[in-house]
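The values are calculated or read from the model by the stated rules, or taken from the named source; none is laboratory data. Keep in mind that this is a model prediction, so the values were computed, not measured. For neighbour counting, all protein chains shown are included, and Cβ atoms are generated from backbone atoms with ideal geometry for every residue, glycine included.
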Amino acid sequence: MLVTQMHLNAAIRVFLFAGAIGLAPLARVRSAEQAGSAVEVPAAKAPLAAKQQIVRDRMTQLEDRMFRLQQRLAESEADQARRLEAALRRARELLIGRNMDEVIALLERAQLTAAADRQLAITDGLGQVLKILLEDLDNTKERKKEIDRHKDFRDRIAGLLERQRGLKTRTDAAGRRGQLQVAIQDAVARIEALIGRQQKEIDKTTAAAGTNDPAAARVLGGSQKQIRLDAQALAGDLRNLPGILPPTGTLNGETETESRGARDGEQASLEPDIRKAADEVERSAEQMRMAEDDLDRGAAGDAAAMQEEAVELLRRALRQLKQQEEAARELLDQAEAAGQQRKLKRQADQLAEDMHGPSPGRDAKSGGQHEGDQPAGAHSVGQLPPGPPAPGAQNVEQAGEHMESAAGALDREQPSQASENQQRAIEELQRAQDALQQTLDQMRREQQEEILRGLESRFRAMLAQQLAVNKGTGTLDSKGRDAWTHGDELTLAGLARDEQSLVDQAGQVLEILKEEGTTIVFPRIVEQLRQDMVQLTGRLRDRQTGAETQRMEADIATALEELIDAVKQLQQELQEGEGGAGGGGGSPPLLPDSAELKLLRSCQQRVNRQTLEFHKAYREAGERDAQLREGLNRIAERQRELADMARKMNERITGQ
């Protein structure tokens, strides 16, 4: 892979060389002719023809290299081989080599205008070929479709798992239904009795308060104590229903969250609500204890208020228990449970069929889906491409078979056997989910590699072009503006156009990163780079080639080099198996945190240096320099962006 990329990068550099060498002089000559200026043909003829011959030789060498490399990669790296083949075919279709030969002949005959026109066509053709070399083959969308397809399967399996666990929770409760109903009914009767006794006690306490008789109040303290003890005993019984509910708040080893799936996720485990009723009874007993204390010291009026609160708490517990009594009756309707299990089985069968691939003329949306069987969150992914079954398809099939067996056991009112089959179905679905996740991790890694290869090629091409602009700017500045010729002015205009081209290329990279969407610093740095290129383009158009312009150019080149290094770092980690593992359904970032932090640090260092430079210039020029004030505002905005990036990176790294 690395060797392939080196060859491709070499090809890109040749095209950049071909696009730059020898063309600017012709453009200058052509513009001079159009302006009516004199053209010194004899002096320009020989060097232009010689430079064009160099380009022609390089083009011949490149075509030969591309052909031989394409042959070597035909089996080992078919995608790269097809890309080279497409670029070579396009170069031949555009007759680039023949046009170069004709340009050489025109230059030798001093027909510069015709040569310049022909060379514009060559430049356009080279741009088309370069685009093919820079861009990956158009399989990115296909790869994304395949990833989305597997994600769809994984999410549908997750839905099946959730529902199957909920049904198993209901089934496991079948053996405890009778005991549960009896226990709740007994608790309801005891609470109703407590409410009646406490209400009578309130009447006696109120009467004692009316007579203002402390002795009568103290007598009532004993009967209040007995009611409290009975309430405490009931709370303890509710918390420890023997043989009915496990004491840990879980069912069958599942967490409370996982066990909340009965009745298609709508009926939660009964235990937490019964424990809430126990809490209410305990709080009622505490109010009764405070009423005892008030009665013992003869404060009947204060005790009555505590007793009223105790009754209200008992009534809350009574309402909760009556709701749970009704839920217990509805919890395990065996016929309904069997129907739900068969519905789930049909969903599993449909999913297994989709994972095996569509039949001719049939897609995932229309194929055999029973009305009302589509689980929440499931969606059609359209016409599925033919190919091998998705990972886990066989497991989903086997899960469906276990579901059918569980439904039959529920029909026969054999909840224990049904539970065993439901557990087997859960295990098969879990295996299918794990297999899909492993495949998704691998596909994501391959997608990352593809994106990174394309980004590296783009950044290297942009760096080569930026360095050419930097060199041209330095040459013009060293000559001195007063000494510029008309040709120098045209060269500067060409440098501005080249920089504008870099602005467009940076915009394309930014779109790729935004669509990929997993990095924080990377796209913001590219956006800043693009903004700097826009500013630099304006300075070149304004004929500013001095130290500030060259500093900006050097900063842009440095930023491109840092981006290339960051991309290479992740490519190395992917090759060593250290990056790209998503796991758990998440999408790993395109760049590791370490690479993004390095980019962030480099950007901060540039801002620090710019701040010092502007501070010095600002102190010398004063506040009246509007250009410096604008520059300081840009630095301030850049610093705010860095602070925001640092905050978001901290949130991602720490999970806070």
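Miscellaneous remarks
- Residue in segment 288-301 that is under 51 Å from the mean Cα position of the chain (by Cα), touching a residue at least 60 places away in the same chain (Cβ under 8 Å) and crowded, with 19+ Cβ neighbours inside 10 Å present: no
- From Ala461, Ala496, Ala468, residue being at pLDDT below 90, aliphatic (A, V, I, L, M) and over 28 Å from the mean Cα position of the chain (by Cα): Ala461
- Residue within segment 62-81 that is hydroxyl-bearing (Ser, Thr, Tyr), modelled with pLDDT of 70 or more, under 38 Å from the mean Cα position of the chain (by Cα) and surrounded by fewer than 20 Cβ atoms within 10 Å (Cβ to Cβ) present: yes
- Put simply, of Gly474, Gly538 the only residue that is farther than 27 Å from Glu641 by Cα, modelled with pLDDT of 90 or more and surrounded by fewer than 19 Cβ atoms within 10 Å (Cβ to Cβ) is Gly474.
- Odd one out for Leu510 among (1) touching a Ser or Thr at 6+ places or on another chain (Cβ under 8 Å); (2) within 27 Å of Ala646 (Cβ to Cβ); (3) surrounded by fewer than 19 Cβ atoms within 10 Å (Cβ to Cβ): (1)
- Candidates Glu420, Glu428, Glu450, Glu446 - the one that is among the acidic types (Asp, Glu) and without any contact (Cβ under 8 Å) to a residue 24 or more places away in the chain: Glu420
- Yes/no for Ala461 being aliphatic (A, V, I, L, M) and surrounded by fewer than 20 Cβ atoms within 10 Å (Cβ to Cβ): no
- If the condition is being surrounded by fewer than 19 Cβ atoms within 10 Å (Cβ to Cβ), in contact with a Pro (Cβ under 7 Å, 6 or more places away or on another chain) and at pLDDT 80 or above, then segment 324-359 contributes only His356.
- Beta carbons closer than 6 Å, at least 6 apart along the sequence or on distinct chains, pair a first residue in segment 220-232 that is assigned by TED's automatic domain parsing to the domain that holds Ala291 with a second that is of a type in the set (Val, Ile, Thr) for Leu220/Thr205; Ala231/Val281.
- Filter result for the condition that a residue is closer than 22 Å to Gln544 by Cα, surrounded by 12 or more Cβ atoms within 10 Å (Cβ to Cβ) and either modelled with pLDDT of 75 or more or within 29 Å of the chain's Cα centre (by Cα) (or both), over Glu561, Glu573, Glu613, Glu596: Glu613
- Of the set (1) among the polar types (S, T, N, Q); (2) in a helix (DSSP H, G or I); (3) surrounded by 16 or more Cβ atoms within 10 Å (Cβ to Cβ), all apply to Gln531 but (3).
- Selection count, segment 493-528, where residues are closer than 20 Å to Ser594 by Cα and of a type in the set (A, V, I, L, M, F, W, C): 6
- Among the residues of segment 222-244, none qualifies, meaning not one is touching a strand residue (DSSP E or B) at 6+ places or on another chain (Cβ under 9 Å), surrounded by 15 or more Cβ atoms within 10 Å (Cβ to Cβ) and at pLDDT below 50.
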